[in-house]
Amino acid sequence: MSASKKIKMAMVNKGISLNELAAKLGQTPQNLTNKFRRNNLNEKDVSQMADALGYDVKIVLIERETGETI
């Protein structure tokens, strides 16, 4: 699942609209909409959005051959 979809799920879980999230981030709703539409979120964007929504971010690396995670 993409980072955009996960952030949108978190927004629904917290009952926060795109306009509210944009305000918390000091961005325009249009800018945020464009980022979601293009699925153009970098690590900093995801971290800031998650923080504004009350979530932490966890990045997991998975070894392709064995499935081992680190």
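The values are calculated or read from the model by the stated rules, or taken from the named source; none is laboratory data. This one's a predicted model, so the numbers in the text were calculated from it and none came from an experiment. Glycine gets a Cβ as well: all are built from the backbone with ideal geometry, and neighbour counts include every protein chain shown. For the accessible areas, the whole protein counts, side chains as well, though only heavy atoms, and no ligand, DNA or RNA atoms are used. Shrake-Rupley method; radii C 1.70, N 1.55, O 1.52, S 1.80 Å.
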Original post:
What are the residue pairs meeting all of these: first residue in segment 2-14, first residue more than 19 Å from GLU43 (Cβ to Cβ) and in contact (Cβ under 8 Å) with a residue 24 or more places away in the chain, second residue part of a helix (DSSP H, G or I) and not β-branched (Val, Ile, Thr), Cβ atoms under 8 Å, and 6 or more apart or on different chains?
Top reply: LYS14/LEU53
**OP:** Would you mind finding the one in LYS35, LYS44, LYS5, LYS58 that is of a type in the set (Lys, Arg) and surrounded by 14 or more Cβ atoms within 10 Å (Cβ to Cβ)?
**Re:** LYS35
Original post:
For segment 52-70, which residues satisfy the criterion of being closer than 18 Å to SER2 by Cβ, touching a residue at least 24 places away in the same chain (Cβ under 8 Å) and either β-branched (Val, Ile, Thr) or part of a helix (DSSP H, G or I) (or both)?
Top reply: LEU53
Subject >> Residue check for MET49: open to solvent by 80 Å² or more (accessible area, probe 1.4 Å), part of a helix (DSSP H, G or I) and hydrophobic (A, V, I, L, M, F, W, C) >> reply: no
